[in-house]
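For reference, the structure discussed in these notes is given below.
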Amino acid sequence: MALLEVKDLHTSFFTDAGEVKAVNGVSFNLDRGKVLGIVGESGSGKSVTAYSIMQILAPAGKIVSGSIKLDGQELVGAGERVMRDVRGNKISIIFQDPMTSLNPTYTIGRQLMEAILLHTNRNRQEAWDRAIEMLRLVNINEPEKRMKQYPHEHSGGMRQRIMIAMALACEPDILIADEPTTALDVTIQAQILELMQKLQKEMGMAIIMITHDLGVVAQMCDEIVVMYAGSYCERGTADEIFYNPRHEYTKGLLRSIPTVSTMGQKLQPITGTPIDLLNLPEGCPFAPRCDAAMKICIKKAPESMDINENHKASCWMNVADQAKQGGAQSASVAAQPSSDSSQPDVVQPASASSAVQTADSQTSDSSDTSDAFPQTDSTDKGGAQ
Ligand SMILES: Nc1ncnc2c1ncn2[C@@H]1O[C@H](COP(=O)(O)OP(=O)(O)O)[C@@H](O)[C@H]1O
Ligand code: SF4
Ligand SMILES: [Mg+2]
């Protein structure tokens, strides 16, 4: 059993303008002592996923459906008493801007001590010693002096380290780091990431590392969830995501980060804007920005498909690839009729059953199938090969 199991999570904000479907069917597992990356551009639902796990959503936000199990215990609907225990003792979160969590009017020492006294059985002297130990652990020099200082007396990088110390003080099973380095300059970013890796190894906790930058998670994550428009479009082991990307959005992300093989080449950002979460489209949410979009992509949302035992992706291109190889199972997915069967041009050739023929007949005559499944091999486009 995984330490954390998130299954088909849906979280919405009920606003005057309507229901904003911020998280729209996210699933993943996190094993004890592992590092999971949640990656996606701004507004894709990463923070709302984290806040749903912690149940610290803004008042208009509500978990609409789905399951979040911690060590087998269901947290959705578990109530505030259970969640207080979870938040204090089992899962800690650090935010992008540590000043949102550090109280500017209290000394660092007081805040660290309070966290330790509240969440562990230590007495005041032991809590003091532990606070000093935690500050040393996160590479803060002269910790005795720092304990008496206020947050504003420290740089952004130091404040983030103090936040990490505070989050770890209660020895959580899971640390959620929500863009912990985004507000910091590059050198400090690297130091904080290195520190988190070191602490993760020493303390053996599991980490959920949330970032908009796929480059950040490259080194430290065991598994990666790529989010787009509130859903995961792809998830799998870090190797699978980096070396065998199977969603066009992930491929776009990979093309937009520098790698050894792209050194000297111009990076290609993903153009276009994210979709409106108030009005989610019927088809693939990435379709308006996807160079490889086919007619079916606009008509029908792709379902999550197993690429292999370590990898899932929701992209029609995979169905097309499998259909090309004559896979009966994928052909049947491709062949599912759209809701309006009077529109035969959605998948061409027109009839559902001919999708299998589409795959088999492509070597002889591909021209009549190009609308349904383009001839380009999608794997050629991956930028991280
Ligand atoms: N308090 C709120 N009220 C209404 N909508 C919200 C609120 N917080 C977040 N959202 C919506 O949820 C989407 C996802 O937000 P978020 O999870 O913060 O994105 P990110 O991936 O950048 O962390 C946002 O684009 C926004 O539309
Ligand atoms: S399903 Fe279609 S639109 Fe969506 S990413 Fe795949 S190819 Fe592009
Ligand atoms: Mg966020």
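The values are calculated or read from the model by the stated rules, or taken from the named source; none is laboratory data. Model, not experiment: these values are computed from the prediction. Cβ coordinates were reconstructed from backbone atoms using ideal geometry, including for glycine residues, and neighbour counts include every protein chain displayed.
Laid out as a table, the results:
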{"quantity": "Considering residues of segment 52-84 that are part of a helix (DSSP H, G or I) and more than 28 Å from Leu278 (Cα to Cα) only, the residue farthest from the chain's Cα centre (by Cα)", "calculated": "Arg81"}
{"quantity": "Hey, Val48 near ligand 1 (Cβ under 8 Å from one of its atoms), in a strand (DSSP E or B), of a type outside the set (Lys, Arg) and buried (at least 19 other Cβ atoms within 10 Å of the Cβ) or not", "calculated": "no"}
{"quantity": "Among (1) over 28 Å from Gly272 (Cα atoms); (2) surrounded by fewer than 22 Cβ atoms within 10 Å (Cβ to Cβ); (3) of a type outside the set (Asp, Glu), the one test that Ser42 misses", "calculated": "(1)"}
{"quantity": "Single residue of segment 85-102 satisfying the filter (among the hydrophobic types (A, V, I, L, M, F, W, C) and not in a helix (DSSP H, G or I)) that is modelled with the highest pLDDT", "calculated": "Ile91"}
{"quantity": "Segment 219-231, residues that are under 24 Å from Asp306 (Cβ atoms) and more than 12 Å from ligand 1 (Cβ to nearest atom)", "calculated": "Cys221, Asp222, Glu223, Ile224"}
{"quantity": "Search result, residues across segment 183-228 that are charged (D, E, K, R) and assigned to a strand (DSSP E or B)", "calculated": "Glu223"}
{"quantity": "Residues satisfying the stated conditions in segment 68-103, i.e. among the basic types (Lys, Arg) and either in contact (Cβ under 8 Å) with a residue 60 or more places away in the chain or closer than 24 Å to Gly25 by Cα (or both)", "calculated": "Lys69, Arg87, Lys90"}
{"quantity": "Breaking point among (1) away from ligand 2 (no atom under 15 Å from the Cβ); (2) in a strand (DSSP E or B), for Gly326", "calculated": "(2)"}
{"quantity": "Residue tally, condition of a type in the set (Asp, Glu), farther than 28 Å from Gly204 by Cβ and in contact (Cβ under 8 Å) with a residue 40 or more places away in the chain, over segment 133-188", "calculated": "0"}
{"quantity": "Whichever residue in segment 294-323 is part of a loop (DSSP other than H, G, I, E, B) and more than 23 Å from the chain's Cα centre (by Cα) and, among such residues, is nearest to Arg235 (Cα to Cα)", "calculated": "Lys300"}
{"quantity": "Contacts under 9 angstrom Cβ, first residue in segment 109-129 being among the hydroxyl-bearing types (Ser, Thr, Tyr), partner at pLDDT 90 or above, 6 or more apart", "calculated": "Thr120/Glu126; Thr120/Ala127; Thr120/Arg130"}
